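Shown next, in structure tokens, is the structure this report addresses.
The values are calculated or read from the model by the stated rules, or taken from the named source; none is laboratory data. All values derive from a computational prediction rather than experimental measurement. Positions of Cβ are backbone-derived with ideal geometry, glycine not excepted, and every protein chain shown enters the neighbour counts.
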Amino acid sequence: MKRNEKESSEEQGMMEKTHRFADDWKLISEHFHRMFEGLGTLSVTADLLAFSSVPPSVATGISIARSGALVANMPLHTIESVFTTVRFSEDLTSLTLTGDGASYTYTVPPALLALRSR
């Protein structure tokens with residue numbers, strides 16, 4: 001296996017792993033950045049990860065605090081909860097948050113994913 005293939009395989013393994021907000025903030029931040037880069041407005045700070053689409057794209061957004069607090073906005077629903085872990089899909093099209101008997105999966109709308117191929 002070539003070096004780039006090995007690094008890519010290792011990165012995918014890390015994305016499939018469940019990450020704890022309390023322990024893995026740096027890694028979670030890196031995955032979040034890669035997931036939403038080029039799809040809208042993106043902010044990654046020491047305490048908050050935030051994404052929002054920009055017109056004319058479909059209206060969507062998600063913000064996750066280092067504490068695991070989530071605010072997600074999609075047409076017709078808003079979620080406000082606190083989670084302890086996150087798992088990113090291998091292809092970076094969705095993330096699943098879990099904590100205290102609850103889970104939430106945020107999926108990037110297909111209309112935004114089309115921006116990745118530009």
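At-a-glance table
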| quantity | calculated |
| --- | --- |
| Selection count where residues are free of Cβ contacts under 8 Å to residues at least 24 places away in the same chain and either out of contact with any strand residue (DSSP E or B) (no Cβ under 9 Å at 6 or more places or on another chain) or closer than 26 Å to ARG116 by Cβ (or both), scope the stretch 79-92 | 1 |
| Count of residues meeting criterion [over 11 Å from the mean Cα position of the chain (by Cα), assigned to a helix (DSSP H, G or I) and under 14 Å from SER67 (Cβ atoms)] in the stretch 19-37 | 1 |
| Selection from the stretch 32-72 of residues that are hydroxyl-bearing (Ser, Thr, Tyr) and more than 21 Å from THR93 (Cβ to Cβ) | THR45, SER67 |
| Only listed residue being touching a strand residue (DSSP E or B) at 6+ places or on another chain (Cβ under 8 Å), surrounded by 17 or more Cβ atoms within 10 Å (Cβ to Cβ), at pLDDT 95 or above and among the aliphatic types (A, V, I, L, M), chosen from LEU49, LEU70, LEU27 | LEU49 |
| For THR78: the one exception among (1) modelled with pLDDT of 95 or more; (2) farther than 19 Å from HIS33 by Cβ; (3) polar (S, T, N, Q) | (1) |
